Every structure is written in C-alpha cells, then in structure tokens.
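Following: one structure in structure tokens, then a few remarks.
Please treat every number below as a calculation from the coordinates, not as lab data. In this text, all values refer to a predicted model and were calculated from it rather than measured experimentally. Here the Cβ positions follow ideal geometry from the backbone for every residue, glycine too, while neighbour counts run over all protein chains shown.
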C-alpha cells in the first residue's frame, strides 16, 4: 500500500465526515458496501497483497474511532435471522448476514463487543458500549433495544457506499412505535448459547410483516435530504450518506400516519388502514425444520 497516498486518503475521509456532520462524541450506526469501497481503495492506494486489504479494513475502523473519539459510540450491525429459520444462536460464533465488513469486526476486532439480541445484534465500541452490551431486550425494536437508544440519544446513521434504500433498518423501529397494522409480534424459541458458553432455551420476538401484504422499500437519501435530516458527500468515487435518526423518526412517522407510508414503501396490494387493530401474535415452533405456528 502506498503510505503517502494512504495518508492523503484518510485526511480527505475525515474532511468528508466533517462535511456531512459526523462529529466528536457522536453516536454512529455504520452501514456499508465494503466490496465497492475495497475495490476503489485497491486502485487509489495501490494494494499489492491480501494483507493490504486487511490493513485497510482495520484502518477504516480506526479512522472512524479517531473521528468520534472514545466520547462517541460506534455500532456495526451483525443481524442474523438464524433463529427465524429454526437454527440456534451462539453469541460468539453465529455470523451476521448483513455484510462482510461487519463480520470482519465480529471475528477480528477485540476492542468491540457484541450486543445480545439473537436477531438484531450489533458490534459496539466507545462510551456507551458496555451499556449497549448489557441490554437484554427480548423484543428486537422495543423500548429496551439499541434502536430506542439511538432514537432517544440522537444517533446518526453513516452509510458508506450504500444508500438508505438498502440500509434503513431503523424504519422498523418506527413502524413498531406507531404499531402499523401490517406488522405484528412474532415469537421465536431457540437454543441460545451466551458469551459464557451456557446454552438454554430462550424466546425472542420481532414485529414481522403480514404475508398477505406485498411491499417494496422506497425511502432513500433524497427524501431525507429534502426533509433536512440527511446529508451526502462524494468521496473518491463513492458516496458518504448521513441521516439524523431522531429527525428520521419524525419524518417516517409522519409519512406512515398521514401519507399512507408512500415515502417508506410502495404497497402493491394494500393501503394502510389505521382502523385495523390487527391484534394478532404468533409463536413459531420448529419440528423437523418445519415451522408450526400458534
């Protein structure tokens, strides 16, 4: 790797983070398309070995830490739907399903710790890392979850070479908060191996979409920018997007309640009916890999 070019690269990266409003002490949820970033960096920084790629990934984490400092907090998603498919969850071994960069942090960065929910867990670092780790939320998006923490504490979503169209998981927290009628709580029973190696049967939940409702995500960065809760900067051929999650909560909530959710989803066969109480819940039991619901 060309050291001189790397120094200029990271200097400009910090300048772009300043431009989009990532500051010292911020709480930052990081989404990414690391493949596009690495391909770009291989050319920009003249990688000559596989080790250069590993060094770059570590440097990217390091530079984000330097920017927010230990007064801030970083959250990288390691979401996995293993228990939704009848599998078990192991705190240390179960890999995330939302990107190789996040699994790189899970597997190689000992300065991060994992939160506990077996579906929506995060690798966390910084001021509030221990508090986030100590959360024992049963519901994925409830008031005891990291999503509520991000909302209440003014977190920012930082998307590196990925758009809100793909990365805005936070919207599900908004949906649950307003109790949209097309979602309902579903409970999953699993064998859970905790960080001390103790395995026990546990039950967790999340608000799932009704199967008779077909939808496609529509919320994207221009929507958040128009609402003055998002910013975008160009960096070396890819984009850095930031969304203020407290502001995003307000605009997504308003759109769901007053605009039929048209800037959140495109519904193919459904319109939001707030008179539909949808007092449904579901518990899933697995037998021979077949889901039986009650």
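Annotation: extensible slack from residue 3 through residue 23 equals 4.6 nm (criterion: 0.36 nm per residue apart, minus Cα-Cα distance).
Computed from the alpha carbon positions, the gyration tensor of region 61-200 leads to an equivalent ellipsoid with semi-axes of 22, 20, 15 Å, biggest first.
With the biggest extent put first, the Cα atoms of region 3-293 measure 60, 47, 31 Å across the principal axes.
Mean-square fluctuation check for the chain, GNM, Cα pairs under 10 Å: which of 158, 245, 60 is largest? Ranking 158, 245, 60 by mean-square fluctuation puts 60 first. Listed peptides 97-104, 46-53, 9-16 appear in the order 97-104, 9-16, 46-53 once ranked by packing, highest mean of other Cβ atoms within 10 Å at the front. Averaging the Cα positions of each part gives two centres, and for region 48-103 and region 183-229 these lie 19 Å apart. Cβ-Cβ distance of residue 275 and residue 53, R₀ of 51 Å, FRET efficiency by 1/(1 + (r/R0)^6): the value works out to about 0.40. Each peptide among 251-264, 68-81 gets the average number of other Cβ atoms lying within 10 Å of its residues, and from highest to lowest they stand as 68-81, 251-264. Here 232, 94, 54 are placed in order of increasing Cβ neighbour count within 10 Å, fewest first, which gives 54, 232, 94. Relative contact order of region 101-211, taken over Cα pairs closer than 8 Å and 6 or more residues apart, is 20 percent. Quick check: the distance between the Cα centres of region 115-142 and region 11-46, to the nearest angstrom? Comparing the Cα centres of region 115-142 and region 11-46, I get a distance of 24 Å. Return the FRET efficiency for the residue pair residue 268, residue 152: r is the Cβ-Cβ distance, R0 is 35 Å, and the value is rounded to the nearest 0.05. Here the calculated transfer efficiency is 0.55. Considering only alpha-carbon pairs that sit under 8 angstrom and 6 or more positions apart, the relative contact order computed for the chain is 19 percent.
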